[in-house]
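Some notes on the structure that comes next.
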Amino acid sequence: MVGGCRGAVFDLDGTLLDSMPVWQAVDRAFLEENGAEYTPEVSAALRKLSITEAVDFFRAHTDLSKSSDEEILNRISELAKRLYPSIRMKPYAGEYLTALRRGGVPMCAATANNTDISHSVLKRLGIFDFFKAVLTCEEVGKPKTKPDIYLRAAEILGTEPRETAVFEDALHCIETAKNSGFYVVGVFDEMAEDEWTDICNISDTHIMTFGQLTIDN
């Protein structure tokens, strides 16, 4: 296990799942069907938001003042569910998770996605039961710019932050986990390529693929 850690917390989108292009497609479709333009600046802003924070962003950038949070979330979920069946795990992610499970390393998932979509994709990929819990920012009540979701995961795993590895692909998440005392593994994702140098500098270790890791390293 990396860094001699006793537990692991995995982000989903962009880390375990090769799903960021799907979320770009969802964001683009939602904005365009509501008369707004999808730009690189909008894409960069949405990457840092939980799905509930994205609701406020969409409302601010479209004529949805009369739509409820539930209506907006339901439409986002509808768009996502159409595309999520195409999502696969990142290379060697399944093998690494299997090795950790066989080695008795407890794991949690921590995601900015919503509960229904997260559970659905993990069950379809056959890895839902690998995790002691699948935590979402929606349930925890705080985005990943705050440490709550990682601290809650460590509590569930029964580990201290310093002995808990957090696997993330986004710079703002990596900064949060690192500043909260976790051992951080930066995972490369093409959608965050412009952040990669900073990710490498901040993380305790960084990987291009999970094939670089073994359970006893």
Inset, instruction - Inspect region 115-124 for any residue being exposed (fewer than 15 other Cβ atoms within 10 Å of the Cβ), in the same structural domain as L151 (by TED's automatic domain parsing), of a type in the set (V, I, T) and under 19 Å from the mean Cα position of the chain (by Cα) and give the result as yes or no. - result: yes
Inset, instruction - Would you mention how many residues in region 156-176 are within 23 Å of G104 (Cα to Cα) and of a type outside the set (F, W, Y)? - result: 12
Legend entry - Failed condition for T145, given (1) modelled with pLDDT of 95 or more; (2) more than 16 Å from A8 (Cα to Cα): (1)
Legend entry - Residue in region 20-39 that is nearest to T62 (Cα to Cα), counting only those that are surrounded by fewer than 17 Cβ atoms within 10 Å (Cβ to Cβ) and touching a residue at least 60 places away in the same chain (Cβ under 8 Å): Q24
Inset, instruction - Please identify the pairs in which a residue from region 80-96 that is without any contact (Cβ under 8 Å) to a residue 40 or more places away in the chain has its Cβ atom under 8 Å from the Cβ atom of a residue that is of a type in the set (A, V, I, L, M, F, W, C), counting only partners at least 6 apart or on another chain. - result: K81/I117; G94/L125; G94/I127
Inset, instruction - Of all residues in region 49-79, count the ones that are in contact (Cβ under 8 Å) with a residue 40 or more places away in the chain and not hydrophobic (A, V, I, L, M, F, W, C). - result: 5
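The values are calculated or read from the model by the stated rules, or taken from the named source; none is laboratory data. Everything numeric in this text was worked out from a predicted model, so none of it was measured. Neighbour counts run over all protein chains shown; Cβ positions are idealised from the backbone, glycine included.
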